[in-house]
1. Which count do you get for residues in the stretch 97-117 that are more than 18 Å from L60 (Cβ to Cβ) and either touching a Cys at 6+ places or on another chain (Cβ under 6 Å) or of a type in the set (G, A, S) (or both)?
2. Filter the stretch 330-344 down to the residues that are within 16 Å of the ligand (Cβ to nearest atom) and not basic (K, R), then identify the one that is farthest from L364 (Cα to Cα).
3. Could you list all residues from the stretch 247-262 that are of a type outside the set (D, E, K, R) and either surrounded by 12 or more Cβ atoms within 10 Å (Cβ to Cβ) or closer than 21 Å to E41 by Cα (or both)?
4. Which one of E277, E323, E312 is within 22 Å of the chain's Cα centre (by Cα), farther than 18 Å from A240 by Cα and of a type outside the set (S, T, Y)?
5. Show me the helices (runs of 4 or more DSSP H) found entirely inside the stretch 97-185 where at least 1 residues are away from the ligand (no atom under 12 Å from the Cβ), crowded, with 24+ Cβ neighbours inside 10 Å and over 14 Å from the mean Cα position of the chain (by Cα).
6. Hey, any hits in the stretch 299-307 for a residue that's touching a His at 6+ places or on another chain (Cβ under 8 Å), of a type in the set (S, T, Y) and outside the structural domain of A54 (by TED's automatic domain parsing)?
7. Among the numbered criteria (1) in contact with a Leu (Cβ under 7 Å, 6 or more places away or on another chain); (2) assigned to a helix (DSSP H, G or I); (3) of a type in the set (S, T, Y), which single criterion is violated by S303?
8. Could you check the stretch 186-223 and list, in sequence order, the residues that are within 16 Å of the ligand (Cβ to nearest atom) and of a type in the set (V, I, T)?
Amino acid sequence: MTDAVTLEQQTAAAVDQFTQTFGQPPTHAAVAPGRVNLIGEHTDYNDGFVLPMAIERQILLLARPRDDRKVRLASTGVPEQAELNLDQPLAPGEPSWANYVRGAIAGCIERGLTPPGFDALVDSTVPTGGGLSSSAALEVGTATLLESLTGQPLDPVQKALLCQKAEHDFAGMPCGIMDQFISAMGMADHALLIDCRSYETRRVPMHDPDVVVLIVNSNVKHELVGGEYAQRRAQCEAAARTMNVPALRDATLDMLDEAYPDPSDVAFRRARHVITENARTLAAAEALAAGDWAAMGQLMLESHTSMRDDFEISCKELDILVELATRRIASGELYGSRMTGGGFGGCTVSLVRADAADAVGKFLAHQYEHITGIHPALFVTRPAAGARVVEL
Ligand code: GAF
């Protein structure tokens, strides 16, 4: 189990690195967390509901304004630096990690922010490629840094939306709004119920000291995600058109039965996942608010089954992790578990009794490695705060 580096420790090390890289200390800093989704998967682009929380893993950006219009970007995680000129239109390019930053800067400028040139260093404790939204954290962190550099605050919804557009236009990923919303608006001790049609959010308290969130990274990433994600999105939109509704948010199981008489039809199963997942997500928000962990856990398991069988975005390794987790339910150590995020690899999320987290983590890691030969990465987190400016 890996422990979280505190923001103070992360900041101290990154300030040193910044000073070495650019010759002078940073003057501005911003931080944005990764996220884990508790329930509500592939519902955001169907105008539905999601229930994510920010995690205690974050991207920190340090900066110092320059006298010219240049932006120099460095990262502690990769050797390639990037350079931009604010007097020229920003476009995707190399190194590709900087595209999230380019896109967020472009979005901020479009919304009227007037950043100076600056040097910046990016440092991340969000595992990359694990489906914990390091890219959304980098976009939202960049926008937050620009708020600090310009003294021009953004409305949080507008900030999340410009970051989503950055992901679409600069990274080519047709994502929904969930990841950018939770990174921008997360709150310690709370999950966030997001209505992805109205953009209304409701903070759902989650501060039982006896329960923690265990994240297990399967350490597999099936390289299908971009294409498969866009395909699922297209299938959902086609099913909504067939049922004559604006989005699957508006469809019911009765409409589905009428439109698709054959339940083995792929379109039927894709739509059934979204319709039932929306209902589960609303029920989960109530269960969480009531501290009903057993009910919440049951909904998570049903969500996983639906993603595995109807939406077909799980994989063998994630199914193994969830199956192993279910073995600790009867003893009362674990409440529920499911794959989380876009799918085809990445992480599972489980709700675990705090005093059993260590034992459950060891059990999962040992059994998973025994069965698959793959060493997983695990950590425990509680719901964390969203993006904010950091005082240096
Ligand atoms: C990815 C996307 F970026 C989100 O918008 C969401 O659709 C998620 O997959 C699936 O729920 O993280």
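The values are calculated or read from the model by the stated rules, or taken from the named source; none is laboratory data. These figures come from a predicted structure and were not determined experimentally. Here the Cβ is made from the backbone with ideal geometry for all residues, glycine too, and neighbour counts use every protein chain on show.
1. 5
2. Looking at residues that are within 16 Å of the ligand (Cβ to nearest atom) and not basic (K, R), I get G342.
3. Result: A247, L248, A251, T252, L253, M255, L256, A259, Y260.
4. Step by step, each of E277, E323, E312 is checked, and only E312 is within 22 Å of the chain's Cα centre (by Cα), farther than 18 Å from A240 by Cα and of a type outside the set (S, T, Y).
5. Ranges flagged: 99-110, 134-150, 156-171.
6. Yes - at least one qualifying residue is present in the stretch 299-307.
7. Of (1) in contact with a Leu (Cβ under 7 Å, 6 or more places away or on another chain); (2) assigned to a helix (DSSP H, G or I); (3) of a type in the set (S, T, Y), only one is false for S303: (1).
8. I194, T201, I215
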